[in-house]
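The values are calculated or read from the model by the stated rules, or taken from the named source; none is laboratory data. This one's a predicted model, so the numbers in the text were calculated from it and none came from an experiment. Cβ placement follows ideal geometry from the backbone for every residue including glycine, while neighbour counts extend to all protein chains displayed.
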Amino acid sequence: MSAIKLPAVPQEEGFSGYLREVWKFPMLTADEEYMLAHRYQDHDDTEAAHKLVTSHLRLVAKIAFGYRGYGLPMADLVAEGNTGLMRAVQKFDPERGFRLSTYAMWWIRAAVTEYILQSWSMVKLGTMAAQKKLFFSLRKAKRQLNIYDNGELSPEEADQVAEKLGVTGREALDMNRRLAARDFSLNTPMPKDEGMEYLDTLSSDAPSPEALVADAEERVLHNGMLKNALGELPEREQEIIKARFLSDDPITLEKLGERFGVSRERVRQLEARAFKKIQESVLTQHSAA
């Protein structure tokens with residue numbers, strides 16, 4: 001996939017030319033897409049992957065354009081979206097019955113939004129799902145509630161936004177402040193305390209050394225339990241679990257069925273049975289610990 005050559009994404013002044021270029025790539029019919037996806041999956045056909053990717057570059061541009069209000073270059077947003085698209089092509093399973101565009105749009109959005117969150121400020125925003133939703137929904141919610149002032153939210157406005165987005169008023173206020181003014185350097189001197197910087201006033205949110213050790217021990221314990229549970233499975237069920245859940249590139253049910261000489265449905269049944277055995281084994285080990 002890294003060998004695929006895509007049109008260069010120019011800076012803002014040349015972006016319209018890039019759009020004209022990607023619109024030249026033809027759209028694929030459902031049958032063409034199905035055939036190309038199998039050629040790539042079964043034979044690692046780079047040409048097939050190239051056609052799948054380039055036919056969806058306009059989708060990347062459209063999604064990236066929707067995030068243009070976050071102060072980042074469109075060229076960077078599109079480049080990140082293209083990375084998400086290529087990842088989607090790698091993971092796409094044509095046997096599931098939906099089109100690549102439906103599947104790829106989630107990978108593209110994920111790549112773009114992660115880039116925005118990482119780039120927005122030197123101090124990272126929260127990465128929890130609720131924080132991400134608030135970050136990308138706050139402006140839209142304010143427009144819908146006819147709140148157009150870019151300054152501080154009033155308590156009433158914060159409550160309105162909070163109710164609409166399912167967060168607390170404090171969370172709405174804090175995120176609005178982050179969006180209203182980009183972060184300054186933490187090494188900026190404080191105005192009234194000579195020799196002090198804003199960095200000196202921040203408390204650390206990092207876990208204590210004791211908590212880090214406890215977390216590490218818990219991970220080792222859980223990994224050991226999983227390893228023990230996996231070792232109790234028959235060899236074929238072990239292979240299925242490893243191929244489906246423990247691999248960087250999961251294998252489809254169809255391919256596993258071909259490997260074992262059984263149907264896709266039979267592999268699914270074996271997978272479900274093995275997963276249940278693992279859950280029961282881990283619960284038993286937890287009780288005994």
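Tell me, which residue of region 53-74 that is among the aliphatic types (A, V, I, L, M) and closer than 17 Å to W23 by Cβ is surrounded by the fewest Cβ atoms within 10 Å (Cβ to Cβ)?
First pass over region 53-74, keeping only residues among the aliphatic types (A, V, I, L, M): 53, 57, 59-61, 63-64, 72, 74.
With closer than 17 Å to W23 by Cβ added as a condition, the list becomes 53, 57, 59-61, 63-64, 74.
Numbers: V53: 23, L57: 23, L59: 17, V60: 29, A61: 21, I63: 21, A64: 26, M74: 19.
For region 53-74, the residue satisfying everything is L59.
Residues that are basic (K, R) and either within 16 Å of the chain's Cα centre (by Cα) or not assigned by TED's automatic domain parsing to the domain that holds L36 (or both) within region 91-108 comprise just one, K91.
Kindly evaluate R264 against the criterion of being closer than 30 Å to Q41 by Cα and either among the basic types (K, R) or modelled with pLDDT under 80 (or both). Break it down into steps so the answer makes sense when it comes.
Values: closer than 30 Å to Q41 by Cα: yes; either among the basic types (K, R) or modelled with pLDDT under 80 (or both): yes.
For R264, the condition - closer than 30 Å to Q41 by Cα and either among the basic types (K, R) or modelled with pLDDT under 80 (or both) - is met.
Taking first residues from region 24-40 that are outside the structural domain of R99 (by TED's automatic domain parsing) and partners that are surrounded by 14 or more Cβ atoms within 10 Å (Cβ to Cβ), no Cβ contact under 6 Å between residues at least 6 apart in sequence or on separate chains turns up. Kindly list the number of the only condition in (1) in contact with a Lys or Arg (Cβ under 8 Å, 6 or more places away or on another chain); (2) in a loop (DSSP other than H, G, I, E, B) that fails for A48. Here A48 meets the rest and fails (2). When T102 is tested against (1) at pLDDT 80 or above; (2) exposed (fewer than 13 other Cβ atoms within 10 Å of the Cβ); (3) part of a loop (DSSP other than H, G, I, E, B), only condition (3) is not met. Of all residues in region 112-137, those satisfying the criterion of being among the polar types (S, T, N, Q), at pLDDT 75 or above and under 14 Å from the mean Cα position of the chain (by Cα) are T113, Q118.
I'd like the full set of residues that are over 28 Å from the mean Cα position of the chain (by Cα) and farther than 17 Å from N82 by Cβ, limited to region 21-33.
Restricting attention to region 21-33, the residues satisfying the condition of being over 28 Å from the mean Cα position of the chain (by Cα) are 24, 31.
D31, the sole residue that qualifies.
Would you check which residues across region 224-250 are hydrophobic (A, V, I, L, M, F, W, C), under 21 Å from P94 (Cα atoms) and surrounded by 16 or more Cβ atoms within 10 Å (Cβ to Cβ) and list them? Listed by number, the residues that qualify are I240, A243. Just name the residue that is farthest from the chain's Cα centre (by Cα) out of those in region 75-85 that are buried (at least 21 other Cβ atoms within 10 Å of the Cβ) and in contact (Cβ under 8 Å) with a residue 60 or more places away in the chain. Among them, the one singled out is V78.
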